[in-house]
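A short write-up of the structure that comes next.
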Ligand code: TYD
Ligand code: MG
C-alpha cells in the first residue's frame, strides 16, 4: 500500500518543496505552489528500506537494429515535421495557443490515416463527441473511420484502448483535461497532468500505438503547467501563427526520431488546414517592391529554403527613448544589428524609432537574417528602395564583417526558382553559377550601406535626367 504524504508542488515548473510558500524557489513564480498528496510508491518506500534489486544483462551499442517503421498520416507537412511519419510506440506532444488549430489539424490527420487502414481513436476532453463530429462534418470528413470519445479519466481511456484491436494512432485532446484515479490532487494540477501523461505514454510503449497529446500553451510560449510532460514524451511539436494571419507553422522543438529544425506550413481556410507546399510564394505574395524598407531574406528552415520579406520602418522619434519594436525576429538581434550599423557604418539611429516585421507571421531564428534586416533598416532610413530582384542573406559580426552562412546553394536555388536574379550575400561563385544567379558579395555593413546609397544616387540622376 502506497503511503500518502502531502507535498507542495509548483504548478508552473513542477518543483517540489517541503512547505507552502508564496514564491517558488525554482522558477521564481508567485502563487503557483499547491498542496498535493504524493504517493510514495516504488521509488520512495522500497528504496528507503534498502531492498536489493536484481541484476540485468547489459547490451552492446553496436548491435543491429531494424529500421523503424513509420506511421504516415498522408498530411505530408505533418509527417515531415514528425521526422517522416510517427514512430509506433512513441508519444508526441503538440503544443499551441488556444484556437490556433490543433484540434483541426489532428482530426484531419486522423481522417487521412483512417483511410489507410488501422484503428484510429480521437479522445476529446474538451469537446463533446457532437462538437467533434460537427467539426469533422464541416471539414468534409464525416465518413472517416475514426473512433470518438469524450472522456477524461485515463484509467478508463487506457482500458478502452486496450480492448479490441490494438490502436495505431491515438489523439488525446488535451492532456490538461486528463486525470488519473490513482492521484489525489485536483484535475489540471501538475501531478495529475504528469500522472495522466505517464499512463498514456506507458500505454503507447506497451501497445505500439503512436499517442499524440495536445497541450495548451500560455502567451509566453510555454506549455502551461505540464512543462514536465515535455521531458517525458519522445517529440514536442509546437504549432505557431499570428492570430491575424492565416498561416500556421508547425515546428519540432524536440524529436528523438528526427531533426528538430523542420517546419510544416499550413494555411487556415474555411475547409480546415491546407498544406502549403511552396511557402516562399505564399510569404512573398502581395509584396510591394517599390517601397523603401523591404528586403527579401533567403532563409532555410530545416532542409527547406523559405523566402520571406523583412520590413523595416525607421522614423524620427518624438520620444526621449526611441521605440524599438520587432515582430517575428529576436529583439536582441535587432539591437545588435542597430549597434553595428551605428558603430561601423556611421548611421545615427539614436533619435529614430525602429520597427521591424517579418511578413506573413513567420518567426525567424537564423542569424543569416542579419544582412536582410540591416538592408531593410538602411533602406528605410535613407529612403531608397532595394532592387526588386534581389535577395539577401548573411550573418553580421560585431566587427561589422559579413560572414558566410550554411546552405547558400539551397538559398540561391530557391531565389532563382522564384524569379530573383541577384543575391547580396557572401556566397561562393560555384553555388551562384549552379543557381544561375549573380551574387554581389558585401564584406561589411559599411559596404552594404555604400551600395544602397549609390543605388539611390543612381536612381535620382536617372529621374532628374
Ligand atoms: P481549433 O482546431 O479548435 O484550435 P485549438 O484546438 O488549437 O484550440 O481551431 C479553432 C479555430 O480555427 C477557430 O477559431 C476557427 C478556425 N477554423 C477555421 O478557420 N476553419 C475551419 O475549417 C476550422 C475547423 C476552424
Ligand atoms: Mg482544441
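The values are calculated or read from the model by the stated rules, or taken from the named source; none is laboratory data. The structure presented is a predicted model; accordingly, all values stated were derived computationally and were not measured. Because the Cβ atoms are built from the backbone with ideal geometry, glycine has one as well, and the counts that use them run over all protein chains shown.
Remarks
- Meets criteria (buried (at least 19 other Cβ atoms within 10 Å of the Cβ) and farther than 24 Å from residue 206 by Cα) for residue 78: yes
- Considering residues of region 344-355 that are surrounded by fewer than 17 Cβ atoms within 10 Å (Cβ to Cβ) and in contact with a helix residue (DSSP H, G or I) (Cβ under 9 Å, 6 or more places away or on another chain) only, the residue nearest to residue 411 (Cα to Cα): 346
- Here the condition is being farther than 16 Å from residue 339 by Cα, free of Cβ contacts under 8 Å to residues at least 24 places away in the same chain and surrounded by 14 or more Cβ atoms within 10 Å (Cβ to Cβ); of 411, 403, it holds for 403 alone.
- Taking (1) under 23 Å from residue 193 (Cα atoms); (2) at pLDDT 90 or above; (3) not in a loop (DSSP other than H, G, I, E, B) in turn, residue 44 satisfies each apart from (2).
- Of all residues in region 174-194, those satisfying the criterion of being outside any loop (DSSP other than H, G, I, E, B) and either within 16 Å of ligand 2 (Cβ to nearest atom) or buried (at least 24 other Cβ atoms within 10 Å of the Cβ) (or both) are 175, 176, 177, 190, 191, 192, 193.
- Complete set of residues in region 57-109 that are under 18 Å from residue 269 (Cα atoms) and more than 16 Å from ligand 1 (Cβ to nearest atom): 76
- Residues that are touching a residue at least 40 places away in the same chain (Cβ under 8 Å), touching a helix residue (DSSP H, G or I) at 6+ places or on another chain (Cβ under 9 Å) and within 14 Å of residue 395 (Cα to Cα) do occur in region 431-443, at least one of them.
- For region 446-465, a residue qualifies if it is in contact (Cβ under 8 Å) with a residue 60 or more places away in the chain and over 18 Å from residue 292 (Cα atoms), and exactly one does: 446.
- Residue identified as under 27 Å from the mean Cα position of the chain (by Cα), surrounded by fewer than 20 Cβ atoms within 10 Å (Cβ to Cβ), modelled with pLDDT of 90 or more and under 29 Å from residue 416 (Cα atoms) among 326, 358, 391, 384: 326
- Residue list for region 139-173, restricted to those being out of contact with any helix residue (DSSP H, G or I) (no Cβ under 8 Å at 6 or more places or on another chain), in a loop (DSSP other than H, G, I, E, B) and under 20 Å from residue 127 (Cβ atoms): 140, 143
- Residue satisfying all of: in region 199-221; surrounded by fewer than 24 Cβ atoms within 10 Å (Cβ to Cβ) and within 16 Å of ligand 1 (Cβ to nearest atom); modelled with the highest pLDDT among these: 216
- Within this structure, residue 125 fails the test of being loosely packed, with under 13 Cβ neighbours inside 10 Å, more than 9 Å from ligand 1 (Cβ to nearest atom) and in contact (Cβ under 8 Å) with a residue 40 or more places away in the chain.
- Hits in region 303-361 - residues which are at positive phi and part of a loop (DSSP other than H, G, I, E, B): 328, 346
- Residues satisfying the stated conditions in region 252-291, i.e. outside any strand (DSSP E or B), surrounded by fewer than 17 Cβ atoms within 10 Å (Cβ to Cβ) and within 16 Å of ligand 1 (Cβ to nearest atom): 270, 271
- Every residue from region 174-183 that is touching a residue at least 40 places away in the same chain (Cβ under 8 Å) and closer than 12 Å to residue 157 by Cβ: 175, 177, 178
- Boolean, residue 71 is within 20 Å of the chain's Cα centre (by Cα) and either at pLDDT 85 or above or surrounded by fewer than 21 Cβ atoms within 10 Å (Cβ to Cβ) (or both): no
Residue-wise test of (1) at pLDDT below 85; (2) outside the structural domain of residue 149 (by TED's automatic domain parsing); (3) surrounded by 10 or more Cβ atoms within 10 Å (Cβ to Cβ); (4) within 16 Å of ligand 2 (Cβ to nearest atom).
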residue	(1), (2), (3), (4)
32	yes, yes, yes, no
51	yes, yes, no, no
54	no, yes, no, no
63	yes, yes, no, no
100	no, no, yes, yes
103	no, no, yes, yes
115	no, no, yes, no
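- With respect to the conditions (1) more than 16 Å from ligand 2 (Cβ to nearest atom); (2) buried (at least 21 other Cβ atoms within 10 Å of the Cβ); (3) at pLDDT below 90, residue 294 lacks only one, and its number is (3).
- When 95, 63, 118 are checked against the criterion of being assigned to a loop (DSSP other than H, G, I, E, B) and either in contact (Cβ under 8 Å) with a residue 24 or more places away in the chain or under 19 Å from residue 241 (Cα atoms) (or both), 118 stands alone in meeting it.
- Residues that are within 16 Å of ligand 2 (Cβ to nearest atom) and over 17 Å from residue 201 (Cα atoms) within region 81-98 comprise 96, 97, 98, listed in sequence order.
- Taken together, the residues in region 230-251 that are within 16 Å of ligand 2 (Cβ to nearest atom) and part of a strand (DSSP E or B) amount to 6.
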